[in-house]
């Protein structure tokens, strides 16, 4: 297979072709420092404030339509743009300087004060404009989860999100809202012309970025470079560079491996390839487990979900990752591949200790296999954090149990934020196993949790709070299963 | 989203009173508004990074910078010994070293600066130093500071009446200790400055600062120059909120020292984490109160001890704590009161200005007391608030001797009580809580009375510079800075109306110490009051000269000459404005003028804490309704009604933005924004991943904000408008008290909830204090 030594993407109608490239140079550095496109701002350099939001356009999985997605330029490595189109705040205004409907709406509704967060909001709103035809308040809240504004209090920005659909569509793709969008054939064709099945190897003469195009190439490269950094969405790896100033070499990027972007479902399980983003994984999971909607709405933000992968969330191994408690409760398995072959590991055996996983050098997570439980199985997950949106869990419960004639069986309770790793609570599970889910059983389980878990105190919560709320979440589970959920506070008062 | 029709008072002029967009809105939305880091970089620019202390309190034994100097891309490294002039960036007291000398006083204190060819090289190199310390005992919280007598400034007291006797004889009495947390400004644009050497020792400094004059003075002192040698320019900031009032100077001084020493342009832009660790925040307070009251809840006597975390130096802590003392009355008459204010020195970052400047903490204290009284008596807190409002003489004099001349609180409370349907909703909430044990609701009204003027009387001065060009266009400059609050468009509206031209003719220019000297900080909500007046005076000088010139030329009285609609009417004849200007120019009339304003009526004796520190008061009222999950303590704002007094607004769209944004920021302060330090004095919430300001979904789904109509300021402010920058922030206290209401049990004492009301704090309070 020939190797490509350059990265190509489209910016403002031009193909940008880069040969020499620092493997961890960010999109934001490229825009501001190399191109003088200083409209895109750095607010935090960790993907949490959204001042750097840009939009990436790419052919969808089938290759016959375009995806339009906001991402955080501050932690997105430039080389990952290969084969895509980058749209920045400077791209939106017309050639004569006419403001885009999103920009005009922000102006008319007084949506900017200091203006520093504004380009990021404009880009998140632009993504909304291209993806939703008639968003309501909750849709707007979700679209803006990844953007912080410290001046306005958000009300005028929400107003702008409604107003933008009423302003001039000049007929080109950029100004056409979602409802009017036909596939831009020419745009799609230009993007498809950039893609090929060559492995990319590019560097700055010292360090190297590799983007294999197949699973086989990936396994081979990883065998050759067992110490390589595996990069998927980069929403954590990006911070190793911007915050910890680590030097990563080589970087092996999973995003071009076609096989890894597949989602395969059968009667027993759904399998997510390691390249599947949260944005693509969540609708599939929600179809199977509708009760998880609140968890997934509160999980990160669109720019993060658009980049981050389900497998990356798991591989990262953080004790406060949001997907793992419920995936562990469901009995999820990981398919690990290396040059030597494939092995399957239950998720709960993957976490050895804080920051230590069972993944061996030369191995990568190829697929995440989520089993589909039998009818009558209750699946729930509750996340608790200081702020509803775009916050890291203080604790998170993933629960799975079969309920037959009111008696709980196969009880699995997995906890985030309650130990050095995501882990199950064996004594509490035993206290519920084979018993009706009544006050006596739940009280016993609540007491047993004290033996199962010894949460630490940190900035997100004290150990005492974590334990008390963990116990209360079992009470919530009981009420929830009994079909008398009190009104969810997350949804309270908010019209969908 | 339901939204009341916004009150649009009749505009007062063609431009003044119109809801014009922010002057930079078209630039903001298209990415073309240039912030300091966006400016074109001079040739050979050096990027600077700061090496910070890892210790809260320690003696520096040795600094080994060899590895830093040898790191890739590094050009020079500087310590305190390399500062050519004064090693101080303290604004009031010279106790703030630019780079630590001998001893470090907090984790994050700047110890050395690295200049390198790229940002990345500088930041990597800054981490390579080895510093040997001998640890010293740190003081990490205000309580310990009080015990040890560790203060940055002497404690202050203010007494009126005979509080001891009033307390002793009061029918009811309550005592409690309560805390309110600090708050990070979290401006989206981090601290940044770029210093450029000019010929003959000159320095041009682009600084993201609310106070260019102070940066000029401190940069001059640090680099061994005079004020005349240093120019400081700021076109706009990406937010400031007080965080760039004094503490922008540290960043500018470091950049300037590097530029002065290397003779190359130097830029320092702090990474977000470093910014949050290195620069000061709102003071957290420990409040002890002892209150005596009667059966109606009327306060007979009250004693407050306020202890604030000032951090390692004085910074602006003196006036911040003074303002807290001035605002422990809020809208209430305190007949017998004693306040003891401790300004605690701690080995944490030096706390500084933040929107409200001590006012929020003072109001937090008294509103908490009122709430406790109401619950002790089983009364609706609104009734107890009302019973304590300022009223007729003698109940109309503040504890510092200023007469409350326009007591708007009772009227605002009555109007909002009706328009928000407060009583019926309170009854519905009580019924809900009686039957729904898990998801409880609560409601509260709080009000704000905020004193407008710098308490340091001498700061209440402003200057402006206006040029009119031969083509009839105008260039406007004044000492105020633009941080998003819309000051520049408001002042431009004033100037446009003075000349009778459309606002597009007025070009607004960057704050620049070479144009208007000796300007005060843009702070204390005073920007449009003072700069609007100064600019009007400048414009009127020029208009007067043109009028006199035309009167002489046309031989008619000046009274028959008027400026409107881009024209000058001379008797029955109309000239275009530019023609009139050109005539005046041809007659050799000066078309440039300065304007100067000093706030009238104010005086105040710092020794006795008495006088009239404030020109007037700004008022507001808010009703917040919340829901609280009693299994987790999570809480959510459901509905908000606000009625706010902006006087006769200069620009109702801008003012509405200040009210809405200030309120949400205030809610953040008392709910989700929690600053945490570990036992070594390290801030553990130093990025948006760990420090949680409100997001879009936190805005109440039902949010109704109204600007009070027909509310001309009783004082002769610019167009009878009122300052609006800070006062609405304190309306956020209504959300805090709604949460208290939700978790209170009717007939029981109020639950002991500290701010911020994080889920953990709320659950703890719900369980009576222990989890």
ask   = Looking at this structure, is residue B:93 more than 14 Å from chain A (Cβ to nearest Cβ) and either closer than 30 Å to residue A:92 by Cα or part of a loop (DSSP other than H, G, I, E, B) (or both)?
value = yes
task = Filter the stretch A:413-439 down to residues that are surrounded by fewer than 24 Cβ atoms within 10 Å (Cβ to Cβ) and assigned to a strand (DSSP E or B) and give me whichever is farthest from the chain's Cα centre (by Cα).
result = A:436
note = Taking the stretch A:383-408 and the residues there that are in a strand (DSSP E or B) and within 14 Å of chain B (Cβ to nearest Cβ), the one that is nearest to residue A:477 (Cα to Cα) would be A:397
note = Taking the stretch B:647-667 and keeping only residues that are within 30 Å of residue B:56 (Cα to Cα) and within 9 Å of chain A (Cβ to nearest Cβ), one is left with B:665
ask   = Of the conditions (1) free of Cβ contacts under 8 Å to residues at least 60 places away in the same chain; (2) closer than 18 Å to residue A:310 by Cα; (3) in a strand (DSSP E or B), residue A:349 fails just one. Which one is it?
value = (3)
inquiry  = Just the residues that are more than 21 Å from the chain's Cα centre (by Cα), away from every other protein chain (no Cβ under 11 Å) and not in a strand (DSSP E or B), please, taken from the stretch B:699-729.
reply    = B:708, B:709, B:710, B:711, B:712, B:713, B:714, B:715, B:716, B:719, B:720
request  = Tally the residues that are closer than 21 Å to residue A:59 by Cβ and more than 14 Å from chain B (Cβ to nearest Cβ), restricting the search to the stretch A:145-176.
outcome  = 3
request  = Check off (1) surrounded by fewer than 23 Cβ atoms within 10 Å (Cβ to Cβ); (2) closer than 18 Å to residue B:25 by Cα; (3) at pLDDT 95 or above for residue A:58 and give me the number that stays unchecked.
outcome  = (2)
request  = With the checklist (1) assigned to a strand (DSSP E or B); (2) on the phi > 0 side of the Ramachandran plot in hand, flag the one item residue B:330 doesn't pass.
outcome  = (1)
ask   = residue A:442 versus (1) outside any loop (DSSP other than H, G, I, E, B); (2) at pLDDT below 95; (3) touching a helix residue (DSSP H, G or I) at 6+ places or on another chain (Cβ under 7 Å): which is the lone unmet condition?
value = (2)
ask   = What single numbered condition from (1) surrounded by fewer than 24 Cβ atoms within 10 Å (Cβ to Cβ); (2) out of contact with any strand residue (DSSP E or B) (no Cβ under 9 Å at 6 or more places or on another chain); (3) closer than 30 Å to residue B:280 by Cα fails to hold for residue B:654?
value = (1)
ask   = Are any residues in the stretch A:7-39 exposed (fewer than 15 other Cβ atoms within 10 Å of the Cβ) and either under 22 Å from residue A:206 (Cβ atoms) or in contact with a strand residue (DSSP E or B) (Cβ under 7 Å, 6 or more places away or on another chain) (or both), and if so, which ones?
value = A:15, A:17, A:19, A:20, A:34
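Table: residues versus (1) at pLDDT below 95; (2) outside any helix (DSSP H, G or I); (3) in contact with a strand residue (DSSP E or B) (Cβ under 8 Å, 6 or more places away or on another chain).
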{"residue": "B:534", "(1), (2), (3)": "no, no, yes"}
{"residue": "B:540", "(1), (2), (3)": "no, no, yes"}
{"residue": "B:559", "(1), (2), (3)": "no, no, no"}
{"residue": "B:562", "(1), (2), (3)": "no, yes, yes"}
inquiry  = Suppose the filter is buried (at least 24 other Cβ atoms within 10 Å of the Cβ) and at the interface with chain B (Cβ under 9 Å from one of its Cβ atoms); does residue A:142 pass it?
reply    = no
ask   = more than 8 Å from chain B (Cβ to nearest Cβ) and either more than 27 Å from the chain's Cα centre (by Cα) or closer than 19 Å to residue A:393 by Cα (or both): does that describe residue A:464?
value = no
ask   = Counting only residues that are closer than 20 Å to residue A:231 by Cα and more than 16 Å from the chain's Cα centre (by Cα), which one in the stretch A:30-51 is nearest to the other protein chains (Cβ to nearest Cβ)?
value = A:45
message = Looking only at the stretch A:66-113, filter to residues that are within 12 Å of another protein chain (Cβ to nearest Cβ) and at positive phi; which one of those is surrounded by the most Cβ atoms within 10 Å (Cβ to Cβ)?
response = A:110
Test result for residue B:100, assigned to a loop (DSSP other than H, G, I, E, B) and surrounded by fewer than 19 Cβ atoms within 10 Å (Cβ to Cβ) = no
request  = Being in contact with a strand residue (DSSP E or B) (Cβ under 6 Å, 6 or more places away or on another chain) and either at pLDDT below 95 or outside any loop (DSSP other than H, G, I, E, B) (or both) is the filter; apply it to the stretch B:664-675 and report the residue that is surrounded by the fewest Cβ atoms within 10 Å (Cβ to Cβ).
outcome  = B:670
message = Which numbered condition in (1) in a helix (DSSP H, G or I); (2) closer than 22 Å to residue B:503 by Cα is the only one that residue B:553 fails?
response = (2)
inquiry  = Tally up the residues in the stretch B:682-698 that are surrounded by fewer than 21 Cβ atoms within 10 Å (Cβ to Cβ) and either outside any loop (DSSP other than H, G, I, E, B) or more than 8 Å from chain A (Cβ to nearest Cβ) (or both), please.
reply    = 1
request  = Can you confirm whether the stretch B:457-467 contains a residue that is in contact with a helix residue (DSSP H, G or I) (Cβ under 7 Å, 6 or more places away or on another chain), within 14 Å of chain A (Cβ to nearest Cβ) and buried (at least 20 other Cβ atoms within 10 Å of the Cβ)?
outcome  = no
query = Counting only residues that are out of contact with any helix residue (DSSP H, G or I) (no Cβ under 7 Å at 6 or more places or on another chain), buried (at least 24 other Cβ atoms within 10 Å of the Cβ) and farther than 20 Å from residue B:145 by Cα, how many does the stretch B:280-325 have?
reply = 0
query = Quick one: which of B:678, B:605 is surrounded by fewer than 24 Cβ atoms within 10 Å (Cβ to Cβ), farther than 30 Å from residue A:392 by Cβ and free of Cβ contacts under 8 Å to residues at least 12 places away in the same chain?
reply = B:605
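Return yes when residue A:65 is more than 20 Å from residue A:309 (Cβ to Cβ), under 23 Å from the mean Cα position of the chain (by Cα) and modelled with pLDDT under 95 and no when it is not.
Yes.
One line per residue, one yes/no per condition, for (1) within 12 Å of another protein chain (Cβ to nearest Cβ); (2) surrounded by 22 or more Cβ atoms within 10 Å (Cβ to Cβ); (3) touching a residue at least 40 places away in the same chain (Cβ under 8 Å); (4) part of a loop (DSSP other than H, G, I, E, B):
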site: B:225; (1), (2), (3), (4): no, no, yes, yes
site: B:228; (1), (2), (3), (4): no, no, no, no
site: B:236; (1), (2), (3), (4): yes, yes, yes, yes
site: B:239; (1), (2), (3), (4): yes, yes, yes, yes
site: B:243; (1), (2), (3), (4): yes, yes, yes, yes
site: B:246; (1), (2), (3), (4): no, yes, yes, yes
site: B:259; (1), (2), (3), (4): no, yes, yes, no
site: B:268; (1), (2), (3), (4): no, yes, yes, no
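The values are calculated or read from the model by the stated rules, or taken from the named source; none is laboratory data. Being a predicted model, the structure only gives us computed values, none of them experimental. All Cβ positions, even for glycine, are placed from backbone atoms using ideal geometry, and neighbour counts span all protein chains on display.
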